[in-house]
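What follows is a set of notes on a single structure, which appears directly below.
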Amino acid sequence: MYALLLTLHALLRWVVVIVGILAVGRALLGWRGAWRWTPLDARLSMIYPIVVDIQVLLGLILYFFLSPELAGVGGTPLGDVLADGRQFYWTFAHTFVMIVALALIHIGRVRMKRADDDAGRFRQTAIFYGLGTLAILLLIPWPFMTPYGRPLLPSPWT
């Protein structure tokens, strides 16, 4: 079960990244170019929080129930967890920042829906989705992030 959910979580990362970049890119262009808010913008602004919700839900299931990265951390003194870069990353940094990113994206969704005009919709989307996407991109365990990096494409057979 762990390998399956970790693989889904790793693959869904690419959906989150692609949809996030599309939503933020269109919002930035629309904000700067005084575009009209289109059905595509509305769909992207709706789909992005949904895929991030699913991604965070999978991550929390891994975090609380299945991850060997966190096995035994409950009995480890906090100072030891904070001193170990790998444990700190998985126990606090990755999890906390992803939840903050989710909150920013949802705040952006609410503020976008309350905006009075197209420029306001694009501005709110660009700011909050942009901050959330930046946080996600910074705390994804990219392969170059030693000692806790993960491969770009998962393989449940390794």
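The values are calculated or read from the model by the stated rules, or taken from the named source; none is laboratory data. Note that the coordinates shown come from a computational prediction; the quantities given were computed from them, not determined experimentally. Note: ideal-geometry Cβ built from the backbone for every residue, glycine included; neighbour counts use all protein chains shown.
A few remarks follow.
- Among residues of the range 8-19, those that are surrounded by 15 or more Cβ atoms within 10 Å (Cβ to Cβ) and closer than 29 Å to Pro68 by Cα, counted: 8
- Within the range 62-101, if we keep just the residues that are over 20 Å from Tyr2 (Cβ atoms) and touching a Ser or Thr at 6+ places or on another chain (Cβ under 8 Å), the residue that is modelled with the highest pLDDT turns out to be Ala101.
- Residue within the range 35-42 that is aliphatic (A, V, I, L, M), part of a helix (DSSP H, G or I), surrounded by 13 or more Cβ atoms within 10 Å (Cβ to Cβ) and on the phi < 0 side of the Ramachandran plot present: yes
- Scan of the range 110-128 for residues that are farther than 16 Å from Met46 by Cα and acidic (Asp, Glu), ordered by number: Asp116, Asp117
- Within the option set Leu102, Leu138, Leu131, being exposed (fewer than 14 other Cβ atoms within 10 Å of the Cβ) and either touching a helix residue (DSSP H, G or I) at 6+ places or on another chain (Cβ under 8 Å) or part of a helix (DSSP H, G or I) (or both) holds for one residue only, Leu138.
- Yes/no for Trp31 being touching a helix residue (DSSP H, G or I) at 6+ places or on another chain (Cβ under 9 Å), over 18 Å from Ala103 (Cβ atoms) and not in a helix (DSSP H, G or I): no
- Inter-residue pairs, beta-carbon under 6 Å, first without any contact (Cβ under 8 Å) to a residue 24 or more places away in the chain and among the β-branched types (Val, Ile, Thr) and in the range 103-121, second surrounded by 15 or more Cβ atoms within 10 Å (Cβ to Cβ) and assigned to a helix (DSSP H, G or I), 6+ apart: Ile107/Phe128
- Close pairs (8 angstrom Cβ cut-off, 6 or more residues apart or separate chains): more than 15 Å from His94 (Cβ to Cβ) and in contact (Cβ under 8 Å) with a residue 40 or more places away in the chain in the range 123-145, of a type in the set (Asp, Glu) and surrounded by 19 or more Cβ atoms within 10 Å (Cβ to Cβ) anywhere: Thr125/Asp41
- Test for Asp53: is it surrounded by 12 or more Cβ atoms within 10 Å (Cβ to Cβ) and either modelled with pLDDT of 90 or more or in contact with an Asp or Glu (Cβ under 9 Å, 6 or more places away or on another chain) (or both): yes
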